[in-house]
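These notes are about the structure you will find just below.
The values are calculated or read from the model by the stated rules, or taken from the named source; none is laboratory data. Keep in mind the model is a prediction, meaning the values are calculated, not measured. All Cβ positions, glycine included, derive from the backbone under ideal geometry; neighbour counts span all protein chains shown. SASA here: full protein model, heavy atoms, side chains in, ligands and nucleic acids out. Shrake-Rupley method; radii C 1.70, N 1.55, O 1.52, S 1.80 Å.
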Amino acid sequence: MPGHAAERASGRDVRIVIADDDALRRNKLRAALRDGGLSVVGQATNASQVVYLATRCRPDVILMDSALPPSGGVAAMRELAGAAPGAQVVLLANSGEDEAGLLALAEGAAGYLPRGIDHMSLARAVGSVLAGEAAISRAMALRVVERLRELSRTHARMRPVRSQLTPREWEVLDLMATG
């Protein structure tokens, strides 16, 4: 199993933090990870707690609810970038949140998975993330491909996630480049 291989390859246990405001979901996630041979070093119920745990526990992976209070998982990811730069963040979301998933991936998430993911798939996804792969569902992979196709049809170019130029300024540059 990827999770076990990642643990053996690093010579230490994989450190995972779970961030979700729902206690029942946190318990299910912890049990799923335990069934996959992985351990949880901390649990948070909001963004400030996950940032605190990230600095204190130095996790390898943070499994986080996409709707984490107070302002959502993507906003929490931005805070985590400075607090735990080496941690891989995987957001868990309800189905149908494709736009939020695309934004999360663009902001640096290592994965975006449905909340109802089964135990073994969750453990494999964590192992994949630790191996440097993205952890996304097939449906999200299709959305990413569709978005790339859409960008090529509209002549929009790939942009840096953070840019000093506005979208309109990028559009003007594209128009200038195409004559």
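Of the helices (runs of 4 or more DSSP H) lying entirely inside segment 91-179, those containing at least 3 residues that are modelled with pLDDT of 80 or more and either open to solvent by less than 70 Å² (accessible area, probe 1.4 Å) or in contact with a Pro (Cβ under 8 Å, 6 or more places away or on another chain) (or both) span 98-106, 119-130, 138-153.
Taking (1) at pLDDT below 95; (2) surrounded by 13 or more Cβ atoms within 10 Å (Cβ to Cβ); (3) more than 17 Å from residue 134 (Cβ to Cβ) in turn, residue 3 satisfies each apart from (3). In the condition set (1) more than 13 Å from the chain's Cα centre (by Cα); (2) under 15 Å from residue 18 (Cα atoms), residue 70 is compliant with all but (2).
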